[in-house]
Each structure stands twice: as structure tokens, then as C-alpha cells.
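**Q** Sharing a structure with you now.
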Amino acid sequence: MRRLAVLLVAAGLLVLGGGAAAVYAQSSVTVAMREFAFDPAALTVSAGRDTFNLRNIGQFPHNVHIEGNGVSVDVKPDGPVAGGDSFTGAVTLSAGTYDIWCPVGNHRDQGMVGTLTVAAAGAGGVAVQVPGALPRTGSLDDGLPITQASVAAGLVLIGAGLFLRRRATLRR
């Protein structure tokens, strides 16, 4: 009974650690959008689920379109970010180089373009974005429910292990 208790606690700690690691394995980048440029125009993130903080500091609507490696997606899928507004969205990307541009009107033709480099997960951890990088702030995204479920499962396993250990101790 004691061995089972120890195994449950160990499994719980592993699951809990994996859930916590998932929160910090993501990278985040802030992109300022204005007529007719991105700042910065060259972005770097880690492979996996990445958070894009879009800040429209211009007067016209803007968005970031990502294309390459079989991906073609707008960071804000339901339309552009209005002038003066912000939007935070998450996109899952594999390692490689992508083209980015503003899909609104002829903004791309007017020079609102850039590049996105997605570093492989084994390339030293979370990519650093300079300038304009902000640390992960815990913003909510679609990956959070999975992380919460993993943390909850880890806590349940730890609780079950501690319960069995206490029960085995009381039986003596």
C-alpha cells in the first residue's frame, strides 16, 4: 500500500510539473502596427503555441497574416484590429521561416511586410524577441484548459497518494 502511495505521489508530481512547464514553454511577442509598417518587422518565437500581442498604434485597421510551411492564417481571424486597439491571439507554428504582412487593403503593397522565424524547441528554449519583447504575463489563450486539467490531475494523484499513505500508517 505504501509503494502505491509513493507511486501515486510521484506520478502526480510529474503530471503537475508537465502542466506547469506547458505554461512557460510558450513564447510571446508584441507587434506594433502602424501605417505602413510592423515594429519589429523581424520576429522570432519558439515552435509550438505562440501568443501574439497586436497593438495598432496607427489610425487605420491592421492585422498580421502569417504564411509559410503550409500555414496561412491571420492572427486575428475575425478581422483587423481597429486603430488604437489591441488584440492578443495564439497561433501554433512549427519551426521554420514565415512571411508576415498586413492583409488589409493594399497595406502589403505599401510595405507592411516582415518575417517570422520560428526556432525549434530544442534550440535553447524560449526565443528572445528584441526589441519589443514582453515577458509572459499569464494571458489566457486556448491552451489554458489543457494546462488546468493537467494541474488538477496532478493534484488528484498527489492527494490520492497521500491519502493511501496516511491510511497505511493508521492501519499499523
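**Q** Just the residues that are at pLDDT below 95 and surrounded by fewer than 15 Cβ atoms within 10 Å (Cβ to Cβ), please, taken from the range 86-108.
**A** Across the range 86-108, the qualifying residues are Thr92, Ser94.
**Q** I would also like to ask the following. Given (1) modelled with pLDDT under 75; (2) under 17 Å from the mean Cα position of the chain (by Cα); (3) crowded, with 18+ Cβ neighbours inside 10 Å, where does Gly18 come up short, assuming only one miss?
**A** Result: Gly18 passes all but (3).
**Q** Here is a follow-up. Which one of Gly111, Gly83 is at pLDDT 95 or above, within 15 Å of Arg55 (Cα to Cα) and either out of contact with any Leu (no Cβ under 6 Å at 6 or more places or on another chain) or in the same structural domain as Phe60 (by TED's automatic domain parsing) (or both)?
**A** On the way: Gly111 fails: within 15 Å of Arg55 (Cα to Cα).
None of the others qualify; the one that does is Gly83.
**Q** Follow-up. I'm trying to understand the selection: among the residues of the range 21-46, which are of a type in the set (Phe, Trp, Tyr), at pLDDT 90 or above and not in a strand (DSSP E or B)?
**A** Quick first cut of the range 21-46, residues of a type in the set (Phe, Trp, Tyr) only: 24, 36, 38.
Still in the running and at pLDDT 90 or above: 36, 38.
Within the range 21-46, just Phe36 meets the criteria.
**Q** Only residues that are of a type in the set (S, T, N, Q) and either outside any loop (DSSP other than H, G, I, E, B) or touching a Cys at 6+ places or on another chain (Cβ under 8 Å) (or both): list them for the range 71-112, please. Give the derivation first.
**A** Filtering the range 71-112 down to residues of a type in the set (S, T, N, Q) leaves 72, 86, 88, 92, 94, 97, 106, 110.
Ser72, Ser86, Thr88, Thr92, Thr97, listed by residue number.
**Q** Filter the range 36-77 down to the residues that are charged (D, E, K, R) and crowded, with 16+ Cβ neighbours inside 10 Å, then identify the one that is farthest from the chain's Cα centre (by Cα). Before the answer, list the steps.
**A** Here is the first cut: in the range 36-77, the residues charged (D, E, K, R) are 39, 49-50, 55, 67, 74, 76.
Restricting the remaining residues to those that are crowded, with 16+ Cβ neighbours inside 10 Å gives 49-50, 55, 74, 76.
Working: Arg49: 4, Asp50: 3, Arg55: 17, Asp74: 16, Lys76: 15 Å.
By that ranking, first place goes to Arg55.
**Q** On to the next question. If you scan the range 81-100, which residues turn out to be in contact (Cβ under 8 Å) with a residue 40 or more places away in the chain and among the aliphatic types (A, V, I, L, M)?
**A** Val81, Ala90, Val91, Leu93, Ala95, Ile100
The values are calculated or read from the model by the stated rules, or taken from the named source; none is laboratory data. This is a predicted model, so every value here is computed, not measured. Reconstructed Cβ throughout: ideal geometry from the backbone, glycine too, with neighbour counts over all protein chains shown.
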